[in-house]
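None of the figures in this text is laboratory data; all of them are computed from the coordinates on show. What you see is a predicted model, and the numbers here were worked out from it, not measured in a lab. A quick note on method: Cβ atoms are made from the backbone with ideal geometry, for glycine too, and the neighbour counts reach across all protein chains shown.
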Amino acid sequence: MARTRKNAMPLSRRSFVQSMSAGAAGLWLADRGREGALFGGARLEAQGSSAPLLLSSNENPLGCHKDVLAAVQDCLTEAGRYAFAAADEVTALVAKRHGVKPENVLLGSGSTQILRTATHVFTSKTAGLVAAIPAYEECASYARLMGHPITGVPLTSRLTMDLDALQRASKGAGLVFYCNPNNPVGTAIGGSDTRRYLADVLTQSPQTTVLVDEAYFEYVTMPGYQSMIPLAIENPRVVVARTFSKCYGMAGLRIGYAVGHQDTIRTMGQWDNIDPISVMALAGAKAALAVPATWVAAEQQRNAEARAFTMRWFADRGFTPTDSQTNFMFVDIKRPSKDFRDGCAREGILVGRDFPPYEATHARISIGTMAEMQRAVQVFERVLAQPAKAAAA
Ligand SMILES: Cc1ncc(COP(=O)(O)O)c(C=O)c1O
């Protein structure tokens, strides 16, 4: 399947692995920017349903803990003041959570701000960005805006990051975006393989920084997966991004953070600081850091069960999902993602956008509640019963 998939790419492997042309980068990147418009249109198309089922943006379907909501409401009396003290307090609480010092933590307006800051600070016209393709597009979109080179490294046949190819491509990079687990494919790399990759890159490419994105950390169930925070604290050229948007159900509040060596955090903080973070996001994060561990465990279990149910449903019908370690799944639906997406939207369900180079065969589906997934598979059944159009063959 790997070979077929790679051969099926609209661009040659060489053009991915080497610096991408503006056109190729456009293919990869344009969709992120189009997400709002795409889903806006699809919402309208979701006939007969005023509230479409959103399985499109990898959110926690139950939202945040009630204490987070209460804290956000209570903080509104602070709305007239800047949030400097609250930012210091949340920085200290995040540091405590990870057993590090406040100097090792930089808050961001979502981890998006961290991803952009890292791209801004560590890439240049001569030392570009390297990332798997596909990977979460934020860094590549931002590098592209700045006119910095981007190198995309194809995935393996299991749709995991190809660490050997990534290592070769990483030499001379300004920044490697190491998305683990990787969005949109949902697969993850184990701790020992990640450490080996990082050790090799750090030895062979002294000017390269690696940004390890752990947005879906809480949802990983595979044995051997590890956070790279301990390594980042030791090594100024590794930095980890985390977010409250996923398991903590706070995507709309916008808060995430970086953990790293104090020199790296200082460098990033000089470029962009806590100003874009609102009092509401800070109040929410403070409350989220205090929710009982049992609440997080329940969310992890809820997701794992609904994910297993949906993956089994597809596998039983001959549609192969990847080994998802996240709150979404990437499935070979044997037809263009757009056909599937449009068919689902007509029945009130929104699923993920196109993810080149897999847009002719794969769909990304976020995991809702078990009841939502049971409802969704009935729609999937009808949509997939339609013959695939010739283009997918
Ligand atoms: C891998 C990954 N990193 C980062 C983000 C950005 O999330 P946020 O800015 O909400 O923290 C996302 C969002 O979906 C993601 O999938």
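Collect residues whose amide H, placed 1.01 Å from N in the peptide plane, falls under 5 Å from the amide H of Val153; neighbours closer than 5 in sequence don't count.
It is Ala131, Ala132, Ile133, by chain and number.
Using alpha carbons only, what's the Rg to Rh ratio of region 244-393 with Rh from Kirkwood?
The Rg/Rh ratio comes out at 1.08.
Would you work out which of Thr221, Ser109, Ala287 lies farthest towards the positive end of the dipole of the chain, given +1 charges on the beta-carbon of Lys and Arg and -1 on that of Asp and Glu, about the Cα centre?
Thr221
Could you give the semi-axes, largest first, of the ellipsoid that matches region 66-131, computed as the square roots of 5 times the alpha carbon gyration tensor eigenvalues and rounded to whole Å?
Sorted largest first and rounded, they come to 30, 15, 12 Å.
Please report how far the C-alpha centroid of region 112-190 lies from that of region 274-333, rounded to the nearest whole angstrom.
Computed from Cα coordinates, the inter-centre distance equals 22 Å.
Please compute the net charge surrounding Arg382, taking Lys and Arg as +1 and Asp and Glu as -1 over other residues with Cβ under 11 Å from its Cβ.
For residues surrounding Arg382, the net value is -1.
How would you order 314-326, 256-268 from highest to lowest mean count of nearby Cβ atoms within 10 Å?
256-268, 314-326
Taking θ = phi - 60°, what integer Hz values does the Karplus form 6.51 cos²θ - 1.76 cosθ + 1.60 yield along region 215-229, in sequence order, with x for Gly and Pro?
Using θ = phi - 60°, the values come out as 4, 9, 3, 5, 8, 6, 10, 6, x, x, 6, 9, 6, 9, 4 Hz.
Here is the link list: Lys101/Lys246; Lys66/Lys101; Lys101/Lys286; Lys101/Lys125; Lys96/Lys286. Which ones come out longer than 22 Å on Cα distance?
Too far apart for the 22 Å limit: Lys101/Lys246; Lys66/Lys101; Lys101/Lys125.
Explain nothing, just the number: dipole magnitude of the chain about its Cα centre with +1 on each Lys and Arg Cβ and -1 on each Asp and Glu Cβ, in debye rounded to the nearest 20.
Taking the Cα centre of the chain as origin, the dipole is about 960 debye.
Scan the chain and note any complete DSSP helix (H) whose C-alpha atoms cover at least 24 Å along its axis and whose Kyte-Doolittle average is 0.0 or more.
Passing helices, by number: 22-45.
Quick one: putting +1 on the C-beta of Lys and Arg, -1 on the C-beta of Asp and Glu, what dipole do you get for region 52-191 around its Cα centre, in Debye to the nearest 20?
So the magnitude is around 420 debye.
Given N residues in region 66-288, what is its alpha carbon radius of gyration divided by 2.2 N^0.38 Å?
So the Cα radius of gyration is 0.99 times the expected 2.2 N^0.38 Å.
Could I get the Rg over Rh figure for region 209-273? Both from C-alpha atoms, Rh via Kirkwood, rounded to two places.
Reported Rg/Rh, Kirkwood definition of Rh: 1.00.
Average the reciprocal distances over every distinct pair of alpha-carbons in region 130-172, invert the result, and give the Kirkwood radius in Å.
The answer is 10.8 Å.
Over the Cα atoms of region 107-232, Rg to Rh with Kirkwood Rh, two decimal places?
Taking Rh as the inverse mean 1/r over Cα pairs, Rg/Rh reads 0.93.
Which three extents, in whole angstrom, do the alpha-carbon atoms of the chain cover along their principal axes, largest first?
58, 49, 37
Test of understanding: what is the full-extension gain from Leu145 to Phe84, defined as 0.36 nm times their sequence separation minus their Cα-Cα distance?
18.9 nm
Name all residues of region 65-98 having a backbone nitrogen under 14 Å from the label point set 7 Å from the Cα of Asp275 along its Cα→Cβ direction, giving them as ranges.
So the set is 82-84.
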